[in-house]
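Novice: Mind looking over this structure? Questions follow.
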Amino acid sequence: MNAGGQVMMPAMSLGERLRAARDRFFVGRERELDAFRAVLRDGGVLGLHGPGGIGKSTLLRRLADEARDAGRTVSEVDGRTIEPSPAAFTAEVRRAGGSVLLVDAFEHCQGLEGWLRDVFLPRLPAGTTVVVAGREPCVAESRELGDLSPAEADRLLELRGVPAGSRPAVLSFTGGHPLALTLAATLPDGSLPGDAAPTVPPATAAPGGAPGTEPPAGVPGTAPTGGARGGTVPGGPPGGERSGRPWRPAPEVLASLLSALIGDVPSASHRRALEICAHAPHTTEALLADVLGRTGGVDPGALMRWLRGLPFTEDGRPGVTLHEMVREAVDADLRWRDPAEYERMHHAIGDHLLSRVRAAATPADSLAAARALAHLQRYGPAAEWLTLLPRHGHGYEDGLRPGDHDAITAMTRAAQGEEAAATVTFWLGAQPGSFRVYRRSTDDSAAGFLLWLRLPGDAPDAATLATADPLAAAALAHAERTRPLGAGEHVGMLRFMIDSTAYDEVTSAMHTLQLRVYALWITSGRLAWTYVPAAGAPKWERLLGLVGHHPAGVTTTAGGREYTLFACDWRVTPRDVWFALATPPVTPAPPVAPALSRPDFDAAVRDALRDFHRPAALATSPLLGTRMTVAASRSAESGGAGDLVDALREVLTDAVDTLRDDPREARLHRVVATAFFHRLPTQVAAAERLGLSFSTYRRHLQRGLDLVCGHLWQHESTIP
């Protein structure tokens, strides 16, 4: 009691306030709650499945509250945040503990379905309660979540503060879809439809756009035509069904809601935080700090707390994520409205995630970090391959185990023949640590593998290697012939990558193994060259080009198949090339040039000098991708295509000026500078300007060019 005799109630904790808010806004799902109470009392398994945004996570939080109210300890597992392997799933359950297990987003571990049902669940102690929620059913007793009934949807809008006169139109627009209802309830005052307007709000300019402008089709801000898209009219069939199909909101429905929602954020920094959250796989305070910076009054911690409180975000161990449909709408809006900022944000997120790959302490950590970085490929031309991938969870990556040899040899024989199997057997003995295995989640058996050679490493002598593995020998020979290895440098070779269920296809196993290759590219110290042999080169040329690998001009036959070697010289290629090239830039940028042999390099220098005053021609020079040009561009704090051309001009000018520094070669400097920098119409005119016979002029010019090329080659070879 206080001094006035009033009873003082204890202050609510943050957890209690969140619980109260959840209870206040929770409606419906009585049948599911009854089913859970039965398994909570007697033990058992309950499944929940339904499309995105239908309320699975919200219901799981309510079930967790009820279980704790009953005195039970609760273990919560998020399928989005764990490696989809039996060992990782089991470890996560043990880490959390509890006699009630709630699994969310199981679609990310769908490949564990058989193992979960046949192995994991039967081993749990008697009386354990398990609820598994995902987009697909995975246990025998699984209930499909549908839309809220009209009465439940109306009650939700009432609790969210939507005026009674606006609810019929909102219900007509959203149906009973919980996410769409929640978004509609967050629209600012004045944005809700009136009593006599049972249609969607009219399209408005996207936030930051000019009034009256219309974005292209499919971009947020475009109102759907013809009223609600399949929504449930109040009084219609229960469950939001029409023609026997549950209603799901079309993207433009959410886009119209989000357009108004985004326009009402507290500040420009909050808007940027939301856009970062839409673009990144998971958003953390560290990511916000890196992308937004800590200057200008930006408080990453406050922005993170704001994101966590939004009705369409999920807060997990890796960070905050937006609901998938919300993510797509927010991201498309920024990409249309401010493409330059979109590009800047994209690369800033990539830089942060790249640093995570470099800092990874274990193979599992580096693979997880590479997967986060690879998420950004969905926004570029590589998306056409990524969309073909099945759901994650059918397998996981692991090291080589003693019992794997026979399985790996057998799947190689089935995919590429007896000669390839013999090659794999050779490397199993010579470099067993170079194998990574893709295992089935159901029984841990080997379903695919990767062989990443480190050469010379433990490779045998040249004669033995040429017999045991002609492709590896050809790669080493190309490296030595084109640009020899420096002290401590090595060659990496993706020698085999095989999925036992498919060959020459982009599968879930192949994608996981590719992530390991990406991590090796980024983290391997003193990596000089990497090689990828490909049969049917035209099929893979575009995809390999996106990750910085180009035909090396070497074709070798192995096992009756013809292979083309694709090569990348990492001494002239940025380590993030696979991320950068897989992203469509808004501003023009030249592709990373393939590695140049010494003759090609010298020819490129001569061509660049001839094109010194022709920017369009100079913009196609392979020298733009060399380390010397990139380094000059960075020192000048530039980065666009035009800046690289200027940087190349500077590099060429400095190289010619080195002739002047040697008194013995000063006359050669005058000849080369006059020939290429003074804009004379012909070489004869240049010779006349210098007072030299044409034969003497040509001799001095050739000698001067040889010295300039030699200087630049040495400069290029010594840049770290």
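FYI, it's all coordinate maths here, none of it is from the lab. In this text, all values refer to a predicted model and were calculated from it rather than measured experimentally. Positions of Cβ are generated from backbone atoms using ideal geometry, with glycine treated the same way; all protein chains shown enter the neighbour counts.
Novice: How far is it, in nm, from the label point at ARG344 to the one at THR467 when both lie 7 Å from their Cα along the line to the Cβ?
Specialist: According to this spin-label approximation, the distance is 6.2 nm.
Novice: Still on this structure, I have one more. Relative contact order of region 383-581: what whole-number percent is it, with Cα pairs under 8 angstrom and at least 6 residues apart?
Specialist: 20
Novice: Ranking TYR518, TYR396 by Cβ neighbours within 10 Å, fewest first, what do you get? Each step should come with its number before you reach the end.
Specialist: Values: TYR518 24, TYR396 28.
Sorted ascending by nearby Cβ count, the order is TYR518, TYR396.
Novice: Once all Cα-Cα distances of region 16-144 are split into 10 Å bins that start at 0, what whole-number percent is in each one?
Specialist: Result, from short to long distances: 12, 48, 34, 6 percent.
Novice: Using 1/(1 + (r/R0)^6) with R0 = 41 angstrom and r between the beta carbons of GLN702 and THR557, what's the FRET efficiency to the nearest 0.05? Each step should come with its number before you reach the end.
Specialist: On the way: r = 41 Å, r/R0 = 1.00.
Result of the calculation: an efficiency of 0.50.
Novice: For region 598-718, what does the relative contact order come out to in percent, with C-alpha contacts under 8 Å and a separation of six or more?
Specialist: Working: 102 pairs, mean separation 31.0, N = 121.
Across region 598-718, relative contact order equals 26 percent.
Novice: Counting other C-beta atoms within 10 Å, which of HIS613, HIS394, HIS711 has the fewest, and how do the rest follow?
Specialist: HIS613, HIS711, HIS394
Novice: Taking the Cα centre of region 598-718 as origin, sum charge times position over the Cβ atoms of Lys and Arg (+1) and Asp and Glu (-1), and report the length of that vector in debye to the nearest 20.
Specialist: Taking the Cα centre of region 598-718 as origin, the dipole is about 500 debye.
Novice: Taking only the alpha carbons of region 268-362, what extent do you get along each of the three principal axes, in Å, biggest first?
Specialist: Projected onto the principal axes, the Cα atoms of region 268-362 cover 37, 29, 28 Å.
Novice: Tell me, ILE719, ILE349 in order of fewest to most beta-carbon neighbours within 10 Å? Can you show the working numbers first?
Specialist: Values: ILE719 12, ILE349 22.
Ordered from fewest to most neighbouring Cβ atoms within 10 Å, ILE719, ILE349 come out as ILE719, ILE349.
Novice: Taking the mean number of other Cβ atoms within 10 Å as a proxy for protection, how do you rank 475-483, 556-564 from highest to lowest?
Specialist: Final packing ranking: 475-483, 556-564.
Novice: Let me test this: with uniform point scatterers at the alpha carbons of region 383-581, what is the Debye-based log₁₀ I(q)/I(0) at q = 0.14, 0.15, 0.18 1/Å?
Specialist: Summing over Cα pairs of region 383-581 leads to -0.80, -0.93, -1.41.
Novice: Say R0 is 30 Å: what FRET efficiency, to the nearest 0.05, do THR90 and ARG68 get from their beta-carbon distance?
Specialist: Computed FRET efficiency for THR90 and ARG68: 0.80.
Novice: GLY114: net charge of surrounding residues, Cβ under 10 Å, Lys/Arg +1, Asp/Glu -1, itself excluded?
Specialist: -1
Novice: Next up: Given +1 on the Cβ of Lys and Arg, -1 on the Cβ of Asp and Glu, and no further charges, what dipole in debye does region 383-581 carry about its Cα centre, rounded to the nearest 20?
Specialist: 420
Novice: Just how large is the dipole of region 442-549 about the Cα centre, in debye to the nearest 20, putting +1 at every Lys and Arg Cβ and -1 at every Asp and Glu Cβ?
Specialist: The dipole of region 442-549 has a size of about 440 debye.
Novice: List the relative contact order of region 16-144 as a percent without decimals, with contacts defined as Cα pairs under 8 Å and 6+ residues apart.
Specialist: 35
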